[in-house]
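**Q** Sharing a structure below in structure tokens format, with a few things to ask.
Every read-out reported here was derived from the displayed coordinates using simple, explicitly stated rules and does not represent laboratory data. Since the structure is predicted, the reported quantities are computational estimates derived from the model, not experimental observations. Positions of Cβ are generated from backbone atoms using ideal geometry, with glycine treated the same way; all protein chains shown enter the neighbour counts.
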Amino acid sequence: MLKKILTLLAIITVFCTGCAQKEQNVSSDLEKILERGNMIVGVKTDSYPFGYIDKNGKNAGYDIDIANLIGKEIFGQSGKVKFVPVTTSDRIMKLLSEDVDMLIATMSVNKTREQYLDFSSSYYIAGQAVLTRNISKIRSLKDLNGKKVVIIFGSTAESNLRAAVPNAKIIGYKTYNEAYNAIKTGKADAIVSDDSILLGYALKDKSVKLLPKRYTKEPYAVAFRKGHESDDLVRTVSGIINQAERTGKLKHIRHSHGLK
Ligand code: GLU
């Protein structure tokens, strides 16, 4: 009997040691980034002033500065961030298929997304608003009933608008520039999206205007794949963002992009 128990214990010990080694051998996302020697970040190229291409052909914007700040803290030096362009509609797919380590791409945190993604602390709060032609009679969200309204596929505005203005004729585009062209050419009457992105168009082009009311709160955060492999990366990135918020560094970067 004793022999049987000892044999069983020996088997369990060998088996569990194997389990522990296996656990340890699975690198966390942060370890993978450190081993690889760079951090791959999905960023926008059509969302001024968050993610866009500057006149020298380089990625620029508030999201890009956040990525560089995180990269510098993680590696202790600059120049370790690789940018991959994403759009509102393909960003989650690019994150889940491991094309990128994280998204810093005007991405709002909400309950639905939290079911399948992890998020850092928030680094900006936007709000949904309406962009329309200057001569338009549209004054508020309810005036959009029966009108042709543009949303960007994959954005929070898509679901919000369907619920708030059920009789709007919704037209979807993949990028902000396509959406903007649709209201410029009269194919649509308005765009509903984040004030911070739409304001860029209103500032550059006096023939369009951003209506003053904000209909939602959109807290932007860095998005990660869900699961314990990402835990230490999420914690590290949140720590960097919290620290930069405390020291006033984030505010300084926001102001440098004309954001409040
Ligand atoms: N922040 C909103 C979202 O995450 C809209 C901005 C965007 O198109 O990225 O859906």
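**Q** 7 Å from Cα along Cα→Cβ at both Lys142 and Ser28: what's the point-to-point distance in nm?
**A** Going by the 7 Å Cα→Cβ label model, 5.1 nm.
**Q** Taking 0.36 nm per residue of sequence separation and subtracting the Cα-Cα distance, how much length would be gained by fully extending the chain between Ile171 and Glu98, in nm to one decimal?
**A** Using 0.36 nm per residue and subtracting the Cα-Cα distance, I get 23.3 nm.
**Q** For the chain, with equal point scatterers placed on the C-alpha atoms only and solvent neglected, what are the log10 I(q)/I(0) values from the Debye formula at q = 0.07 1/Å, to two decimals?
**A** With one equal scatterer per Cα and no solvent, log10 I(q)/I(0) is -0.31.
**Q** Find which of Thr87, Ile64, Thr106 sits farthest along the positive direction of the dipole of the stretch 33-107, computed with +1 on the beta-carbon of Lys and Arg, -1 on that of Asp and Glu, about the Cα centre.
**A** After comparing all options, I get Ile64.
**Q** As I understand it, the value is the acute angle between the Cα axis of helix 2-25 and the longest principal axis of the Cα atoms of the chain; what does it come to in degrees, rounded to 10?
**A** 30
**Q** Step through the residues of the stretch 38-46 one at a time and calculate ³J(HN,Hα) from phi using the Karplus curve (6.51 cos²θ - 1.76 cosθ + 1.60, θ = phi - 60°), rounding each to whole Hz and writing x for Gly and Pro.
**A** So the J values, rounded to whole Hz, are 8, 10, 9, 10, x, 10, 7, 10, 10.
**Q** I've got another one for you. Report the normalised scattering of the stretch 188-260 as log10 I(q)/I(0) at q = 0.12 Å⁻¹, calculated by the Debye formula with identical scatterers on the alpha carbons.
**A** Evaluating at q = 0.12 Å⁻¹ gives log10 I(q)/I(0) of -0.53.
**Q** Calculate, in nm to one decimal, what Glu114 and Lys204 gain on full extension: separation in residues at 0.36 nm each, minus their alpha carbon distance.
**A** 28.9 nm
**Q** Distance between the C-alpha centers of the stretch 107-163 and the stretch 219-244? Whole Å please.
**A** The distance from the Cα centre of the stretch 107-163 to that of the stretch 219-244 comes to 24 Å.
**Q** Give me a comma-separated list of calculated 3J(HN,Hα) values for the stretch 134-143, in order, Karplus coefficients 6.51, -1.76, 1.60 applied at θ = phi - 60°, integers in Hz, x for any Gly or Pro.
**A** Couplings: 4, 7, 5, 8, 5, 10, 7, 4, 5, 5 Hz.
**Q** Okay, next question. When Thr88, Thr156 are ordered from fewest to most other Cβ atoms inside 10 Å of their Cβ, what list results?
**A** Taking fewest neighbouring Cβ atoms as first place, the list is Thr156, Thr88.
**Q** Under a crude label model (7 Å from the Cα following the beta-carbon direction), how far is Asn38 from Lys249 in nanometres?
**A** Placing both labels 7 Å along Cα→Cβ, they lie 2.2 nm apart.
**Q** Hey, another quick one. Considering every Cα-Cα pair within the stretch 109-260, what fraction, in whole percent, is farther apart than 22 Å?
**A** 47
**Q** Shape of the stretch 126-210 from its Cα gyration tensor (a ≥ b ≥ c, root eigenvalues): rounded if a/c is under 1.5, otherwise prolate when a/b > b/c, or oblate?
**A** It comes out rounded by the Cα gyration axes.
**Q** Okay, next question. Just flag the trypsin sites (Lys or Arg not before Pro) in the stretch 36-104 sitting in loop per DSSP whose Cβ has no more than 14 other Cβ atoms within 10 Å.
**A** Answer in residue order: Lys55, Lys58.
**Q** Then there's this: In the structure shown, do any of Lys58/Lys213; Lys80/Lys249; Lys142/Lys209; Lys44/Lys72 have a Cα-Cα gap over 23 Å, and if so which?
**A** The answer is Lys58/Lys213.
**Q** Which of Asn68, Asn181, Asn38 moves the most in a Gaussian network model of the chain with Cα springs under 10 Å?
**A** Of Asn68, Asn181, Asn38, the most mobile in the Gaussian network model is Asn181.
**Q** I want to verify a result. In a Gaussian network model of the chain, Cα cutoff 10 Å, which of these has the top mean-square fluctuation: Gln115, Gln128, Gln243?
**A** Gln115
**Q** As a footprinting exposure proxy, order Asp143, Asp63 by other Cβ within 10 Å, with the fewest listed first.
**A** Listing Asp143, Asp63 from fewest to most nearby Cβ atoms yields Asp143, Asp63.
**Q** Whole-Hz Karplus ³J(HN,Hα) for the stretch 248-260, in order, using 6.51 cos²θ - 1.76 cosθ + 1.60 and θ = phi - 60°, x for Gly and Pro?
**A** Result, rounded to whole Hz: x, 5, 5, 4, 4, 5, 4, 4, 5, 9, x, 9, 7.
**Q** With +1 on each Lys and Arg Cβ and -1 on each Asp and Glu Cβ, how big is the dipole of the stretch 141-260 about its Cα centre, in debye rounded to the nearest 20?
**A** The dipole of the stretch 141-260 has a size of about 420 debye.
**Q** What is the order of Ser28, Ser120, fewest Cβ neighbours within 10 Å to most?
**A** Ser28, Ser120
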